[in-house]
Amino acid sequence: MSKRVLYLIQQAGVLMLMPRSHNKQLGTTFDTVASHSHHVAVITYCISRMEGLSHENAMKALTMATFHDLAEARTGDLDFVAKHYGKPDEERAVKDQFTGFDFGGDLLKLLEDYEERSSLEAKCAKDADSLEQLYQEWVLMWQGNKLAHEMKDSNPQKWWWSQFVKDDMAIDKEKLLGKR
Amino acid sequence: MSKRVLYLIQQAGVLMLMPRSHNKQLGTTFDTVASHSHHVAVITYCISRMEGLSHENAMKALTMATFHDLAEARTGDLDFVAKHYGKPDEERAVKDQFTGFDFGGDLLKLLEDYEERSSLEAKCAKDADSLEQLYQEWVLMWQGNKLAHEMKDSNPQKWWWSQFVKDDMAIDKEKLLGKR
Amino acid sequence: MSKRVLYLIQQAGVLMLMPRSHNKQLGTTFDTVASHSHHVAVITYCISRMEGLSHENAMKALTMATFHDLAEARTGDLDFVAKHYGKPDEERAVKDQFTGFDFGGDLLKLLEDYEERSSLEAKCAKDADSLEQLYQEWVLMWQGNKLAHEMKDSNPQKWWWSQFVKDDMAIDKEKLLGKR
């Protein structure tokens, strides 16, 4: 067995030790990159079927979702503020993770598809990613977190991060619903 | 959209709030049922390919792994000690989760396959589940946890849980390697 | 000293590592099985005295409360949803914990009394158990948790767990007050 398969498994394990970095804005989040990825995978399957994809194609979309944040074991998880100050070389991270063993190419192809958002599978996976973020903010809001409420529903312009929020995919409902 | 699809997504979200219950034996674990499921999914894909399954069939096994512990949102997560004092009605939990919406049947079929362990996909997913447990104990051991070391490598018979360990799938290397 | 006394002490220690599983519904709970048991013990003494029991009998009730959830170190802690999918063999767990050392019999007798709820001591301890649960939900509510508010006071029927709530002892005020 190629050692690089072990590296991949180890890096997936690392995601379990990565609290998602939006915690620094919201303070009471409980998700890790791993648990986020799992939830995105489940949501992706459901959306895919509701969009009319077959069981087989929905499983393809779910696989995409499972691996979509694996590069963060190398690049780190940048929240919507940090994204304004740097663009990690995700492409290189993905390449470093998925080359050097024979079935890596199949996963690489899935991830390229995800990045391009050309297939319906990729679109469902990306929508699920954004919806999972909304879900977290909704749950936090119900748990009593008023910052989550501000971010999601009312007026993010009040906060220091206002300048960053306008570019945030997850809260832009029109972008999310595919109107642009 | 059926409300039951929303319930399914909500219950997958619940797994993010469930620290795995082996923590009560080991004390320094960091996995949740959600992050465990994600890691199992990644490992399942890798094992499946190494066992010669196609990309398509490996994605099927990965999907199985993604959903294999979803019932725990209802039944709770029982560690190897608790399993000696009760067997939750997992079958009913699975049925309650995956009926009442049209694509539930496809997922139900996957989970039945997983329970029966007849297909190679199911066997790979179950091996990944056990290996993920070993992986956690190995990581905890390297983090300095001596209980994890005892449990995994040397002499669990010294501990109060000794009477339970002999039946534990994850530490039975012969069972794991398919010798019985 | 019998080794089994050490096991008992170790298992009481395990309760400190068990966050109560209602956290998976409420998200911001902070109680462990141990801290819950401690609180129940204090409340039990107070209720017992207010019900007219003597100091000696109130201490008997308090002792009952202190040990009432010890079996959960073996069976696990099932929340009100999980209880619908399985009934752990608590009787066996209690027997495994309290036999094999000489004073175990005295504790066993207390726990049997607790299960039967025939004595006033047992009734006070059970009421304290339910009140402690209400107390937690009240604290969470004051901490801003809207789910705790929904669960306790207004409309649990809105949630996916509605089908389980109706059987929950702790929120059934009439059951709690002994009207049925």
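At a glance:
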{"quantity": "Value of relative contact order over chain C, rounded to a whole percent, pairs C-alpha under 8 Å and six or more apart", "calculated": "23"}
{"quantity": "Among C:Phe30, C:Leu107, C:Gly52 - extreme Cα towards positive end, dipole of region C:26-109, charges at beta-carbon", "calculated": "C:Gly52"}
{"quantity": "Violating pairs (Cα-Cα greater than 19 angstrom) within the set A:Lys126/B:Lys123; A:Lys60/A:Lys126; C:Lys24/C:Lys146", "calculated": "A:Lys126/B:Lys123"}
{"quantity": "Buried area at the A-B interface (accessible, heavy atoms, 1.4 Å probe, summed, Å²)", "calculated": "3500"}
{"quantity": "Dipole in debye (nearest 20) - region B:31-109, about Cα centre, beta carbon charges: Lys, Arg +1; Asp, Glu -1", "calculated": "120"}
{"quantity": "Highest-fluctuation residue, C:Leu140, C:Leu62, C:Leu70 considered, GNM on chain C with Cα pairs under 10 Å", "calculated": "C:Leu140"}
{"quantity": "HN-Hα J in Hz across region C:134-150 - Karplus 6.51, -1.76, 1.60, θ = phi - 60°, x for Gly and Pro", "calculated": "4, 4, 4, 5, 5, 4, 4, 4, 5, 7, x, 6, 6, 5, 4, 5, 4"}
{"quantity": "Amide H partners (placed H, <5 Å) of B:Thr32, local residues excluded", "calculated": "B:Arg20"}
{"quantity": "Sparsely packed trypsin sites (Lys or Arg not before Pro) within region A:1-53, loop by DSSP, other Cβ within 10 Å at most 15", "calculated": "none"}
{"quantity": "Charged-residue dipole, Cβ positions (Lys, Arg, Asp, Glu), the protein assembly as shown about Cα centre, Debye nearest 20", "calculated": "380"}
{"quantity": "Calculated from backbone phi, Karplus (6.51, -1.76, 1.60) coupling profile of region C:118-125 in Hz, x at Gly/Pro", "calculated": "7, 7, 5, 4, 5, 5, 5, 5"}
{"quantity": "Dipole magnitude (debye, nearest 20) for chain C, charges at Cβ of Lys, Arg, Asp, Glu", "calculated": "300"}
{"quantity": "Gained length - C:Met50 relative to C:Glu91, 0.36 nm times residue gap less alpha-carbon distance", "calculated": "11.7 nm"}
{"quantity": "For C:Gly86, distant residues with modelled amide H under 5 Å away", "calculated": "B:Asp89"}
{"quantity": "Estimated FRET transfer efficiency (A:Lys83, B:Lys146; beta-carbon r; R0 35 Å; 0.05)", "calculated": "0.25"}
{"quantity": "Positive-end residue, chain B charge dipole about Cα centroid, Cβ charges, pick of B:Ala125, B:Thr75, B:Leu62", "calculated": "B:Thr75"}
{"quantity": "Long-range HN-HN contacts of B:Leu53 with modeled amide H, under 5 Å", "calculated": "none"}
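The values are calculated or read from the model by the stated rules, or taken from the named source; none is laboratory data. All values reported here derive from a predicted model rather than from experimental measurement. Heads up, the Cβs are rebuilt from the backbone with ideal geometry, glycines too, and the neighbour counts pull from every protein chain shown. When the accessible area is computed, the model is the full protein with side chains, heavy atoms only, and any ligands, DNA or RNA have been set aside. Shrake-Rupley method; radii C 1.70, N 1.55, O 1.52, S 1.80 Å.
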